[in-house]
Structure formats: structure tokens, C-alpha cells
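Let me begin by presenting the structure, written as C-alpha cells, before commenting on it.
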Amino acid sequence: MAIDIGAGAIDRASSAPFDYTSLDFGNPANATGIIDTFEIWFTDSAATGVKIGTFYGSGTNYASRDYETIGTVNANAKQTFTGLNCDVVTDDFIGSYWVSGALERDDSGGSSAYKAGDQFGAGVQTYTAGVRIYSLYGTGTE
């Protein structure tokens, strides 16, 4: 079975600032397996220090399950990264962190959370709930 996670890496109306870990709860993972492809869309400048991965939890408490360090990502178009090996469990959420640049997002209509700083590998953390939609997407197989 094919796995997908995230709302989709598309050009959106706004952008999210850097140095936050941003989680998107739209379209949680539909199966357990490996995410081997991530898509992401940054606005008008290249992003650096990009990490993207899977999170689990509920309410306002979440922890990263696994992630990939992407590094620098070009801007102004969907960027696709393949050949990855990121663990995912049914109902996990997608999330990302970046050091510079701005991720495409919509400021309403979704369900999300964010926390300042890099939260990958930090254990369970308390996030602030939001209604944003982030331009993140992943696919893989069981």
C-alpha cells in the first residue's frame, strides 16, 4: 500500500518564518512503513538547515519519530527529495524545521502546531496549536 502524509507542497498565500518546528495535522499518515520521498515549497529565498520528518502525539504534546536532514532547499517551486528512509506509523503527522528562508503556508483552514527551535530528537514537547496549512508532503510504502 502506498503511504502519504501532509497537505501538499504547493504555492500558498503566505509564508512561515524560520527557526520554528512546524507540524501539519492535515492528512496524517494512512499506513505504517517508510517515507522515501518528501516534497517541500519555500518562498522567495533558498532555505538552509532544513529537516523534515514524522511526529506523533495529541493535544499540544508531540515528539518526532524520525527525520531526514535535507540541508539547503531552493525556493519558488516544489522541491522533491527521494531515496530517503524515514519511519512513519499510521496517524503520524509531518513536520519541518529550517534555519533560514520561509516555508509556503496558508494562514487559515488547517490544523497545525508550532514551537520555536529545532524539536527533532527533543522528546515530547508542548506546541502552540494553529490553523495553518504548511507546504509539506511525503510518500512511501508499507
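The values are calculated or read from the model by the stated rules, or taken from the named source; none is laboratory data. Note that this is a predicted model, so its numbers are computed, not measured. Cβ sites come from the backbone with ideal geometry, for glycine too, and all protein chains shown count toward neighbours. SASA here: full protein model, heavy atoms, side chains in, ligands and nucleic acids out. Shrake-Rupley method; radii C 1.70, N 1.55, O 1.52, S 1.80 Å.
Here are a few things to note about the model shown:
- Boolean, N76 is at pLDDT below 95 and open to solvent by 60 Å² or more (accessible area, probe 1.4 Å): yes
- Residue match in the stretch 94-107 (condition: in a loop (DSSP other than H, G, I, E, B), of a type in the set (S, T, N, Q) and open to solvent by 10 Å² or more (accessible area, probe 1.4 Å)): no
- Candidates G53, G57, filtered to the one that is under 12 Å from the mean Cα position of the chain (by Cα) and of a type outside the set (S, T, Y): G53
The rows are residues; the columns are (1) buried (at least 18 other Cβ atoms within 10 Å of the Cβ); (2) in contact with a helix residue (DSSP H, G or I) (Cβ under 7 Å, 6 or more places away or on another chain); (3) assigned to a loop (DSSP other than H, G, I, E, B).
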{"position": "I3", "(1), (2), (3)": "yes, no, no"}
{"position": "A7", "(1), (2), (3)": "yes, no, yes"}
{"position": "D11", "(1), (2), (3)": "no, no, yes"}
{"position": "L23", "(1), (2), (3)": "yes, no, no"}
{"position": "P28", "(1), (2), (3)": "yes, no, yes"}
{"position": "I35", "(1), (2), (3)": "yes, no, no"}
{"position": "E39", "(1), (2), (3)": "yes, no, no"}
{"position": "K51", "(1), (2), (3)": "yes, no, no"}
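- Condition check for I70: without any contact (Cβ under 8 Å) to a residue 60 or more places away in the chain, open to solvent by 30 Å² or more (accessible area, probe 1.4 Å) and more than 20 Å from Y127 (Cβ to Cβ): yes
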